[in-house]
Amino acid sequence: MKSVNNNVDFENSIGPWLGKTVKILEYYLQERFNKHNLDLTKEQMIVLKRLHDKDGLSQNELAFLTLRNKSSLTRLLSKMEKKNYILRKQSKEDKRINHVYLTGFGEETFKKTKPAIREMIFTMEQNISDSEKQQMIKTLKKIQQNFDSDIESL
C-alpha cells in the first residue's frame, strides 16, 4: 500500500513571504505617516484614496472597494468622521443608503500622504529592475486570480 505524504512545506511556500512583506509595508507606511505628522492609518488612507477617486460612494460600494465587511467599515468611517476627514449623508432616494464624502480637511490630508507613499515606493522598489517589478506584478495578479476562481467555486 502506498503511503500518502501529508506534510505541508508552508515555510517554503509563497504565503509566509507575502504575509511578512505586507506586515513590513504596513509598518513602514505607518512610520512614514507618523514622520509626516499625519494622524492616519493605512485603512483610513485607502478610504481617502477611494473617495478622492470618486467622491460620494455609498457605504456598500466603499465596503466592496476596500475589501471590508459593512460593520468594520462603519466603525472605520465613524473614526474618520470624528477626525473630520469624511462626512456621511443619507440618500434622498433611499434612506437606508449613506453616501460618503471627503471634507476639505480629508482632501488636504490625502494630498499630504503622497510624500510618505512616494518614500515607501522608493524604498520598496530600490534595487529592483523594471522587468523584475513587472514580473512580480504579473505573479501577484496570478495569485489573486487563483483565489478569485477558487472562491467562486465555493
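Values for this structure:
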{"read-out": "The lone exception for residue 26 - which of (1) within 25 Å of residue 139 (Cβ to Cβ); (2) exposed (fewer than 10 other Cβ atoms within 10 Å of the Cβ) it fails", "value": "(2)"}
{"read-out": "Residue under evaluation residue 59, criteria (1) among the polar types (S, T, N, Q); (2) touching a strand residue (DSSP E or B) at 6+ places or on another chain (Cβ under 6 Å); (3) farther than 25 Å from residue 148 by Cα, criterion not met", "value": "(3)"}
{"read-out": "Check on residue 132, touching a strand residue (DSSP E or B) at 6+ places or on another chain (Cβ under 8 Å) and free of Cβ contacts under 8 Å to residues at least 24 places away in the same chain", "value": "no"}
{"read-out": "Selection status of residue 18, hydrophobic (A, V, I, L, M, F, W, C), at pLDDT 95 or above and under 27 Å from residue 116 (Cα atoms)", "value": "no"}
{"read-out": "Flag if residue 71 is more than 22 Å from residue 18 (Cβ to Cβ) and of a type in the set (Ser, Thr, Tyr)", "value": "yes"}
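Residues are listed down the side, and each one gets a yes or a no for (1) assigned to a helix (DSSP H, G or I); (2) buried (at least 16 other Cβ atoms within 10 Å of the Cβ); (3) touching a helix residue (DSSP H, G or I) at 6+ places or on another chain (Cβ under 8 Å); (4) modelled with pLDDT of 95 or more:
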{"position": "38", "(1), (2), (3), (4)": "no, yes, yes, yes"}
{"position": "52", "(1), (2), (3), (4)": "yes, no, yes, yes"}
{"position": "55", "(1), (2), (3), (4)": "no, no, no, yes"}
{"position": "60", "(1), (2), (3), (4)": "yes, no, yes, no"}
{"position": "64", "(1), (2), (3), (4)": "yes, no, no, no"}
{"position": "71", "(1), (2), (3), (4)": "yes, no, no, no"}
{"position": "75", "(1), (2), (3), (4)": "yes, no, no, yes"}
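Yes or no, residue by residue, for (1) among the polar types (S, T, N, Q); (2) without any contact (Cβ under 8 Å) to a residue 12 or more places away in the chain; (3) closer than 27 Å to residue 148 by Cα:
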| position | (1), (2), (3) |
| --- | --- |
| 25 | no, no, yes |
| 30 | yes, no, no |
| 34 | yes, yes, no |
| 95 | no, yes, no |
| 102 | no, no, no |
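The values are calculated or read from the model by the stated rules, or taken from the named source; none is laboratory data. Note that the coordinates shown come from a computational prediction; the quantities given were computed from them, not determined experimentally. Neighbour counts run over all protein chains shown; Cβ positions are idealised from the backbone, glycine included.
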